[in-house]
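See structure below.
The values are calculated or read from the model by the stated rules, or taken from the named source; none is laboratory data. Only a predicted model underlies this, so the values are computations on that prediction, with no experimental measurement involved. Cβ atoms come from the backbone with ideal geometry, glycine included; neighbour counts cover every protein chain shown. For accessibility, only protein heavy atoms count, side chains too; no ligands or nucleic acids. Shrake-Rupley method; radii C 1.70, N 1.55, O 1.52, S 1.80 Å.
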Amino acid sequence: MKADKLDAARVANRAPEYVRRIAPYTPGKPIEELAREYGLATDAIVKLASNENPRGPSPKARAAIAAALAGITRYPDGNGFDLKQALSARYGVASEQIVLGNGSNDVLELAAQAFLRPGDEAVYAQHAFVVYPLATQARGATGVEVAARDYGHDLDAMAKAITARTRVVFIANPNNPTGTWWPSAAVKAFLERVPREVVVVLDEAYDEYLDPGQRSQSVAWIAEQPNLIVSRTFSKAYGLAGLRVGYGLMDAAVADLLNRVRQPFNVNSLAQVAALAALADTEYVAESAALNRVGLAALGAALDAMGVAYVPSHANFLLVEVGDAVPVYERLLRQGVIVRPVGGYALPRHLRVTVGLPSENERFVAALASALGR
Ligand SMILES: Cc1ncc(COP(=O)(O)O)c(C=O)c1O
């Protein structure tokens, strides 16, 4: 007998209420989907919606993937030995202090899974990366959202929001989708105000885009702050978003806990070799960051010239104030330009635009001018 809707609803209702209440994550619109919906050629579409590196991965990473293809019959190394060795050498931490993730998203989830139970609290900022509330809610814990200041994290208010029930604090630095950023000294001062038993997840997915003098010093703090988890990713400046690989650096005892709750083979073999090669190609990452700086400046200048406001960004995207954002987003789609509406972040008047190649940035600026009638 075929199941009916009522049967399915009965099954769904068995899921905890806190799971049923989770709002689904809305990803950037895929190029193929827009092509289908609007009858556009895929190569006529510009996607500036998911903060990917417009140059793609380093050629060395591509070559490493090609060379490793023959080996995909085998399970990957569940401990990621080679990649951890390389990260260990890069950051001066022991391999035991590294947790590899299926994207850094996985590291955020693992932290939530290891430390949050129903009734616990996790503190994060308004307009902060959406995975913090998602990971919190999925464990039945309570999210404590602290009002933003000038779109960024109000670190003082966040420190004050910590209670005896707080187990985890999430900080995105720089933050997505606002591009706001705190210098290392401010983050360190914040950390010193956090009770030593409260875990601070410092999400530095965009760190490689900072000016060299601004890059985070957080890894050096782990030795004195066993409650600190620093997460980084190969999805952004390294151009490997599709492979899903990121990592967390933390005290070995904390890493041991996260490793117990992760899937044994959470990072696939192609991702591991690609990340290893990408990490070594420091020149490629530096070039990508330099191109991003040029792109940010060009976008900023074009928006200034159009009289369109935006939040100054420290990452590879720009939060642009366009008025009622959804109609503008749709007018951009019709011109083959995909950006990201951020209504879900309580920013209904903004669109988030990833910095692309110079030609892609120009396409966006022209499309926006047309969409806004400027
Ligand atoms: C602030 C922040 N953290 C983490 C991530 C997760 O990225 P990934 O899982 O690809 O490493 C993103 C992706 O958009 C992000 O913006």
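Some observations on this one:
- In region 309-331, the residues that are more than 19 Å from Ala205 (Cα to Cα), surrounded by fewer than 19 Cβ atoms within 10 Å (Cβ to Cβ) and in contact (Cβ under 8 Å) with a residue 24 or more places away in the chain: Glu321, Gly323, Asp324, Arg331
- Residues of region 334-349 that are in a strand (DSSP E or B) and free of Cβ contacts under 8 Å to residues at least 40 places away in the same chain: Pro341, Pro348, Arg349.
- Considering region 256-276, and only residues there that are more than 16 Å from the ligand (Cβ to nearest atom) and in a loop (DSSP other than H, G, I, E, B), the residue that is surrounded by the most Cβ atoms within 10 Å (Cβ to Cβ) turns out to be Phe265.
- Tally of residues being away from the ligand (no atom under 16 Å from the Cβ) and either over 27 Å from Asn105 (Cβ atoms) or in a loop (DSSP other than H, G, I, E, B) (or both) across region 40-53: 5
- Which numbered condition Arg167 fails, given (1) closer than 25 Å to Tyr238 by Cβ; (2) in a strand (DSSP E or B): (1)
- Of all residues in region 225-255, exactly one satisfies the criterion of being part of a loop (DSSP other than H, G, I, E, B), more than 9 Å from the ligand (Cβ to nearest atom), touching a residue at least 60 places away in the same chain (Cβ under 8 Å) and touching a strand residue (DSSP E or B) at 6+ places or on another chain (Cβ under 8 Å), namely Asp251.
- Verdict on Gly92 being on the phi > 0 side of the Ramachandran plot, within 16 Å of the ligand (Cβ to nearest atom) and not aromatic (Phe, Trp, Tyr): no
- Residues in region 58-112 that are among the β-branched types (Val, Ile, Thr) and in a helix (DSSP H, G or I) were compared, and the one that is least open to solvent (accessible area, probe 1.4 Å) is Val107.
- Residue selected from region 121-154 under the condition part of a helix (DSSP H, G or I) and open to solvent by 10 Å² or more (accessible area, probe 1.4 Å), by the criterion nearest to the ligand (Cβ to nearest atom): Leu134
- Close pairs from region 188-200: first of a type outside the set (S, T, N, Q), partner open to solvent by 100 Å² or more (accessible area, probe 1.4 Å), Cβ under 9 Å, at least 6 apart: Lys188/Gln217; Arg193/Lys160; Pro195/Ala164
- Scanning region 17-35 for residues that are basic (Lys, Arg) and surrounded by fewer than 15 Cβ atoms within 10 Å (Cβ to Cβ) yields Arg20, Arg21.
- Count of region 1-39 residues which are closer than 30 Å to Glu360 by Cα and in a helix (DSSP H, G or I): 8
Matching residues to (1) more than 13 Å from the ligand (Cβ to nearest atom); (2) under 21 Å from Gly248 (Cβ atoms):
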site: Met158; (1), (2): yes, yes
site: Arg167; (1), (2): yes, yes
site: Ala172; (1), (2): no, yes
site: Ala186; (1), (2): yes, no
site: Asp203; (1), (2): no, yes
site: Val219; (1), (2): yes, yes
site: Ala223; (1), (2): yes, yes
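- Of Ile222, Ile229, all but one fail to be more than 18 Å from Ala122 (Cα to Cα) and among the hydrophobic types (A, V, I, L, M, F, W, C); the exception is Ile222.
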